[in-house]
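Reviewing the structure listed below.
The values are calculated or read from the model by the stated rules, or taken from the named source; none is laboratory data. Keep in mind that what you see is a predicted model, and the values were worked out from it rather than measured. Backbone-built Cβ (ideal geometry, glycine too); neighbour counts: all protein chains shown. Protein only, heavy atoms only, side chains kept; ligands, DNA and RNA dropped before computing areas. Shrake-Rupley method; radii C 1.70, N 1.55, O 1.52, S 1.80 Å.
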Amino acid sequence: MGRNEQPSDLVSRLERLRPKPEVPKPSRKLRILRWCWLATYFGFLFGTPLLAVWLQWQIHFGTRTATQSLVLALPICVLVVGSLLWTMKKLDIRPEGEGTLASSRGWNLYLLWVLGFAMSWMAAYLMLVAVAVLQSPGESTRFYRVTSVGVCGWAEDCSCYLKAAVQGHPALDGGVCIEDVHPEPLVEDTLEISGHFTPRGVYITDISNASRR
């Protein structure tokens, strides 16, 4: 048994003594480009939904805008995700543990395209909202009557704790966030809502309690 182990020990020692080929370090310009790619990648996948959640209670746009954003999402997704993949190949960016991910590369690409389309839909929606606000005649004020007050559950939305259903024109489906309104509105109170009121919808900039000043 000892005789059989000696050749293997000798081979392992020779392999340890064999110098490993040095991998050339990427240039400073290439490192900066890779960091820019990563910032763009994570900004697109995470920045867009965070912005949409942050503005959710300020945006009240109809199904027409949602449908238009869905149509625009397809070319945006092809352009953005395709550009990211092309740039990734050019910059030779490889994920950690490439050997373990090789078998699931197709699944990763599938997820990237699906998430990319969802983020493109959100980005297109936010762009249409911005265009509508820019085309609006300016900021104005409307008065709405509070019909109910409730606490937002985690299943509904975690960006607002207290919401109120309101009645007025134009209609604000889903209610408005009143957690920063003081004093706290009650049912039948009147809310003074400032914002951009357009045919496409409403973008809220401020809410105050007109009944309890």
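The Cα center of segment 172-200 and the Cα center of segment 68-89 differ in position by 36 Å. Summing charges over neighbours of residue 82, with a neighbour being any other residue whose Cβ is under 15 Å away from its Cβ, gives +2 when K and R count +1 and D and E count -1. The heavy atoms of residue 70 offer some 70 square angstrom of accessible surface to a 1.4 angstrom probe.
Bridging of residue 25 to lysines at a Cα separation below 19 Å is possible for 89, 90, once same-chain residues fewer than 8 apart are set aside.
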